[in-house]
Every structure is written in structure tokens, then in C-alpha cells.
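These notes concern the structure reproduced below.
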């Protein structure tokens, strides 16, 4: 009996490591998506060929054919009409690599899954989470193409910001889902602490981070940083005028100043809530996993707020098709945001509401 228990514990740990590798690859994929967006590369490949698109063009004729497809796109006509094949190769690489990495993620999840299934590593309670994981992965790929397609019609020169937000947020949901699955296999319920109020607070912060992701993606999608490259005020105003107006669409999703206001306000709210969380967590004197990681969120949120401020202030240095200070800081801002989310997912898991009751 003890031997069976130890054997399953070993299998669980192996599955958890597999899942955490997947989480790491999702993080890399999201950063590649950030590079693709910041370098203006996202619309360079105008078709979605899952198999045949794995290899890049291998000769000048193939490059000419791909370039011709791009030349028919609105982005080339209205924004990059001066591009040469050499310019095109640069933006093509990042979008191709972004898609290649997505394919690699699929393989990293699929091949070990088959092995674990054959070797009976999975218990019955793992089946539903695994199915959910693959469904989310497939949905993310489909939404990725829907997002790209939105920038290939009419007079669009970029993807629709709302679809970019959907693509990014779903990537974070996928990452958090797989991460939760992994830590559930690694950290048993008896390693958790009990605090109903702290659990609720951690959950509130996590929800706020999720909403913040939407507005961060809208900031990126609308390229809104430059319309208010000031801090702490928004172009000299604490509460800007005409935030309830928008020439098209809902002002909460389309008005760039409103998006600024929401993104900054949510940042301050998350900072204050995380400070409160840290003060309450500091009073809990226990050893173990929670004690090791209870200060991680406040460190990350302070770094994140700082990067956010410098992202805004450096946005006036943006130059088309050039990677400068703004792009580096903006990508770092996105990376720390992901780490902050994962740190709060861990806190929600580690804090249970009642003795003997785990978070399912």
C-alpha cells in the first residue's frame, strides 16, 4: 500500500514538472507575442497554414511569393508601402517564430500526454483538468487567428484591440489553469494555511489583475501610451474630460484616455490591495511554502508599477520599425505582470478558508 502511494506520488511529480514546463513555454509564447506586437510583425503572415506553415520560405522565389501576399494587405498599403523584401523578412521572422513556438507547445503537451496515458500516470481526477487544458489550448490558437484576420480586411493596419485583449487574457487563463493543476499535484492540502479573510483578499487581487490584463492589452492594441505620456497626471488632469465619449464603439473599450484612466486606477488599486495583503500575511507566523512566497506579490507589484510609469514616460521615444527603450521596458512590464498573476494564483491556492478544506 505504501509502495503504491509512493509510486503515485512520483508519477504526480513527473506530471507536475511536465505541466510547469508547459507554463514556462506559455510565458515565452506570450513574450514572443509582445515582441511580435511591438515590432509590428503580427500581420506579416496572411495565412494560417498549420502544417505547411511550419517552415519559413527557403529560397528567394518563396520569399517573393510571401511578400506579394503581404503587399496585398491593408497594413502594407497604408503603413509599410516603402518596405523591401529585407524589411519584410524581419517582421516575418517574429510572427513565424511566434507560430512555431505555439506548435512546439502543442507537441510538448501532446507527446508526453500520450506517454503518461499509456504508462497510466493519470488518476481519474486528472482527466477533466487535462481535457480542459487541451480545449483551452485549441481555443487560444483559434482566437489567435481570428485576431490576425481582423487586421487583414478593409483599411485595418493593426489587429482589433478587443481581439488582442481576448487573445492575451485567454493565454493568461491557460497559463494560470495549468499552473494551478501543477501546484495541486506538488503541494498537498496539509501544506496550506487557514485564513478565510486572506483567501478572499488574494482572490480579489487576482480578479483585479485579470481586469487589469484587459486594459493593459487595450493600451497595447490602441497604442495608447503616447496620448498621455505623463505621470502622475493624465496630460495634467487627475480626472480627464470627455472620458464617456468615443467616435466608434464603447468608450470603455475605445476611448484611449478612458483606457489610460482605468489602467492606472486599477494599478493603484492592485498596489493598495497587495500592501494590505502583505501586512495581513506578515502576521501569520508559519513555516513552509506560504512563508517562502508571501512577500513575492508585493515585490512584483512594486516592480510592475515602476515599469508601468517608465513605459509611459518613454513612449515619446517610439519610432516606427525600431526597437528602442520603450519597447524593452514595455516587454518587461508585460513579463512582470505575468509573474505577478502566477504569484497570486499560488497565494489563492496556499490559503484555504477552513481547516480540513482544500481549494478545488
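The values are calculated or read from the model by the stated rules, or taken from the named source; none is laboratory data. Computed from a prediction, not measured in an experiment: that's the story for all the values here. Cβ placement follows ideal geometry from the backbone for every residue including glycine, while neighbour counts extend to all protein chains displayed.
Return only the number of the condition from (1) over 26 Å from residue 128 (Cβ atoms); (2) in contact with a strand residue (DSSP E or B) (Cβ under 6 Å, 6 or more places away or on another chain) that residue 192 does not satisfy.
So residue 192 meets the others, but not (1).
Kindly state which helices (runs of 4 or more DSSP H) lie completely within segment 83-191 and contain at least 3 residues that are over 30 Å from residue 350 (Cα atoms) and in the same structural domain as residue 219 (by TED's automatic domain parsing). Reasoning before the result, please.
Working: elements: 85-118, 124-149, 161-186.
In segment 83-191, there are no helices (runs of 4 or more DSSP H) which contain 3 or more residues that are over 30 Å from residue 350 (Cα atoms) and in the same structural domain as residue 219 (by TED's automatic domain parsing).
Among the numbered criteria (1) part of a loop (DSSP other than H, G, I, E, B); (2) at pLDDT 95 or above, which one does residue 300 miss?
(1)
Quick one: in segment 144-169, of everything that is closer than 28 Å to residue 17 by Cβ and buried (at least 18 other Cβ atoms within 10 Å of the Cβ), which residue is modelled with the lowest pLDDT?
Just the residues of segment 144-169 that are closer than 28 Å to residue 17 by Cβ, to begin with: 144, 167-169.
Subsequent filtering for residues that are buried (at least 18 other Cβ atoms within 10 Å of the Cβ) retains 144, 167-168.
Working: 144: 90, 167: 94, 168: 95.
Restricting to residues being closer than 28 Å to residue 17 by Cβ and buried (at least 18 other Cβ atoms within 10 Å of the Cβ), the top hit is 144.
Which residue, of 169, 159, 178, 207, is over 15 Å from the mean Cα position of the chain (by Cα) and within 26 Å of residue 330 (Cβ to Cβ)?
Values: 169 fails: over 15 Å from the mean Cα position of the chain (by Cα); 178 fails: over 15 Å from the mean Cα position of the chain (by Cα); 207 fails: over 15 Å from the mean Cα position of the chain (by Cα).
Result of the check over 169, 159, 178, 207: 159.
Residues of segment 195-218 being crowded, with 20+ Cβ neighbours inside 10 Å and touching a strand residue (DSSP E or B) at 6+ places or on another chain (Cβ under 8 Å), which ones?
The answer is 198, 199, 202.
Would you check if residue 270 is outside the structural domain of residue 160 (by TED's automatic domain parsing) and either at pLDDT below 95 or outside any helix (DSSP H, G or I) (or both)? Quick ask: steps written out before the conclusion?
On the way: outside the structural domain of residue 160 (by TED's automatic domain parsing): yes; either at pLDDT below 95 or outside any helix (DSSP H, G or I) (or both): no.
The answer is no for residue 270.
Can you tell me which residue among 306, 328 is closer than 30 Å to residue 84 by Cα, out of contact with any helix residue (DSSP H, G or I) (no Cβ under 8 Å at 6 or more places or on another chain) and in a helix (DSSP H, G or I)?
Details: 306 fails: closer than 30 Å to residue 84 by Cα.
Only one candidate passes the filter, namely 328.
Is there a residue in segment 279-292 that is without any contact (Cβ under 8 Å) to a residue 24 or more places away in the chain, over 29 Å from residue 181 (Cβ atoms) and touching a helix residue (DSSP H, G or I) at 6+ places or on another chain (Cβ under 9 Å)?
yes
So for segment 5-19 (the condition being under 19 Å from the mean Cα position of the chain (by Cα) and over 22 Å from residue 321 (Cβ atoms)), does at least one residue qualify? Working first, answer last.
We begin by selecting, within segment 5-19, every residue under 19 Å from the mean Cα position of the chain (by Cα); these are 19.
Within this subset, residues satisfying the condition of being over 22 Å from residue 321 (Cβ atoms) are 19.
Yes, there is a match, as at least one residue in segment 5-19 is under 19 Å from the mean Cα position of the chain (by Cα) and over 22 Å from residue 321 (Cβ atoms).
Is it true that residue 34 is under 25 Å from the mean Cα position of the chain (by Cα), assigned by TED's automatic domain parsing to the domain that holds residue 112 and part of a loop (DSSP other than H, G, I, E, B)?
Numbers: under 25 Å from the mean Cα position of the chain (by Cα): yes; assigned by TED's automatic domain parsing to the domain that holds residue 112: yes; part of a loop (DSSP other than H, G, I, E, B): no.
Here the answer is no, as residue 34 does not meet what is asked.
Return yes when residue 68 is surrounded by fewer than 20 Cβ atoms within 10 Å (Cβ to Cβ), part of a helix (DSSP H, G or I) and within 25 Å of the chain's Cα centre (by Cα) and no when it is not.
Values: surrounded by fewer than 20 Cβ atoms within 10 Å (Cβ to Cβ): yes; part of a helix (DSSP H, G or I): yes; within 25 Å of the chain's Cα centre (by Cα): no.
Criteria not met by residue 68.
Could you tell me which of the residues 239, 214 is free of Cβ contacts under 8 Å to residues at least 40 places away in the same chain and either assigned to a loop (DSSP other than H, G, I, E, B) or closer than 27 Å to residue 150 by Cβ (or both)? Before the answer, list the steps.
Values: 214 fails: free of Cβ contacts under 8 Å to residues at least 40 places away in the same chain.
From the options 239, 214, the qualifying one is 239.
In segment 155-188, how many residues are within 16 Å of residue 44 (Cα to Cα) and without any contact (Cβ under 8 Å) to a residue 60 or more places away in the chain?
Of the residues in segment 155-188, 0 are within 16 Å of residue 44 (Cα to Cα) and without any contact (Cβ under 8 Å) to a residue 60 or more places away in the chain.
Report, ordered by the first and then the second residue, all pairs with beta carbons closer than 8 Å, sequence separation of six or more or different chains, a first member in segment 142-154 that is on the phi > 0 side of the Ramachandran plot, and a second member that is part of a helix (DSSP H, G or I).
Close Cβ pairs satisfying both conditions: 154/74.
Name the single residue that is nearest to residue 263 (Cα to Cα) among those in segment 303-318 being surrounded by fewer than 17 Cβ atoms within 10 Å (Cβ to Cβ) and either modelled with pLDDT under 95 or in contact with a strand residue (DSSP E or B) (Cβ under 8 Å, 6 or more places away or on another chain) (or both).
For segment 303-318, the residue satisfying everything is 316.
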